[in-house]
Amino acid sequence: MAGVGVTTPAIGLSGAVEAARPGSGVPVVLVAHGSRDLRAAAATRALAGAVEAARPGTPVLPSWLDHTEPGPTEVLRGLAAAGHRTAVVVPLLLTAAYHRRVDVPAAVTAARQDAPELTVRVTDVLGPADGTVDAGLLAGLAGRLAETQPGPVDALVLAAAGTRDARARGSVGRVAAALADGFGVPCTVSYASAAPPTADVAVTRLRAAGAGRVAVVAYFLAPGLFHDSVVAAADRAGAVAVSGPLNDSPDLVELVLRRVDATDHR
């Protein structure tokens with residue numbers, strides 16, 4: 001295989017938000033999965049700050065489903081107590097699996113039991129919505145890989161956290177297919193948990209098939225144990241690079257704002 005140099009693909013952002021336009025004043029609550037790793041919470045707080053800076057006049061509050069306080073129910077109750085009557089919840093999730101289908105709605109329901117006057121709009125997850133892979137998500141992933149300066153690559157591995165939900169795994173596969181189209185090289189999926197293959201197995205298979213230089217694209221929003229395990233596994237298998245998580249990248253900030261704005265039209 002001939003190596004293809006890694007640069008950020010020219011992915012169009014038709015309909016991209018005007019990030020710096022004044023906000024509506026409707027609070028935005030970001031809901032992250034949560035982790036025992038303190039780096040993950042710091043990344044979520046940084047993203048909240050970046051989104052708030054990009055949309056002046058819009059309060060942006062971080063919350064977590066597990067391990068870190070406050071939870072989304074507590075944040076929503078606090079907003080209602082402060083006099084807000086509307087809030088937008090953004091699940092900081094890359095697949096619409098259990099946490100989006102069960103945990104997030106349960107948190108909203110619990111908040112509204114105490115504050116029935118509060119209207120809560122919940123956005124799509126940040127991964128593919130209605131089968132569509134957001135161009136900003138692809139640009140963010142490509143940008144993180146370009147930061148590693150991997151040189152020419154013959155193939156890519158998209159390394160995700162993992163899920164037992166077949167539909168969620170399908171959405172990860174759509175992102176991998178879109179990356180393959182954007183870079184013009186094969187891209188396969190790996191998982192850090194819950195489903196095979198692991199990153200080292202995926203890299204090894206691609207190299208055995210003739211891909212001399214394989215880079216790993218981390219499909220993570222924040223650092224943590226899963227990303228660390230992907231880095232270690234990919235290094236063992238001879239990957240030329242592993243990208244960092246999206247964190248508070250400008251592309252992710254714009255994607256969050258697009259999800260928020262989309263709820264105005266529902």
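Report the equivalent ellipsoid semi-axes for the chain in whole Å, largest first, defined as the square roots of five times the eigenvalues of the gyration tensor built from alpha carbon atoms.
Here the semi-axes work out to 34, 19, 15 Å.
Using the alpha-carbon atoms, what tilt in degrees (0 to 90, nearest 10) does helix 199-208 show relative to the longest principal axis of the chain?
30 degrees
Using a 10 Å cut-off around each Cβ, can you sort GLU147, GLU69 from fewest to most neighbouring Cβ atoms?
Fewest-to-most Cβ neighbours within 10 Å comes out as GLU69, GLU147.
Find how many whole Å separate the alpha carbon centroid of region 75-92 from the alpha carbon centroid of region 109-129.
If you average the Cα positions of each part, the centres end up 9 Å apart.
For the chain, build the charge dipole from Cβ charges (+1 Lys, Arg; -1 Asp, Glu) around the Cα centre, then report which of SER190, GLY57, HIS84 sits farthest towards its positive end.
SER190
What is the helix-to-structure angle for 72-81, meaning the angle in degrees between its Cα long axis and the longest Cα principal axis of the chain, kept from 0 to 90 and rounded to the nearest 10?
Value to nearest ten degrees: 30.
Restricting things to alpha carbons, tell me how big region 130-242 is in terms of Rg and Dmax, in Å.
12.7, 36
Relative to the longest principal axis of the C-alpha atoms of the chain, give the angle of the C-alpha long axis of helix 38-54, reported between 0 and 90° and rounded to the nearest 10°.
On a 0 to 90 degree scale, this one is about 70.
Among GLU74, GLU117, GLU254, GLU52, which comes first, second and so on when ranked by fewest other beta-carbon atoms within 10 Å?
Least to most surrounded, the residues fall as GLU117, GLU74, GLU52, GLU254.
What ratio of Cα Rg to 2.2 N^0.38 Å holds for region 81-197?
Ratio of Cα Rg to 2.2 N^0.38 Å: 1.31.
So how strong a dipole does region 130-242 carry about its Cα centre when Lys and Arg Cβ are +1 and Asp and Glu Cβ are -1, to the nearest 20 debye?
260 debye
Just so you know, all these numbers are worked out from the coordinates, no wet-lab data involved. Computed from a predicted model, the values in this text were never measured in an experiment. Note: ideal-geometry Cβ built from the backbone for every residue, glycine included; neighbour counts use all protein chains shown.
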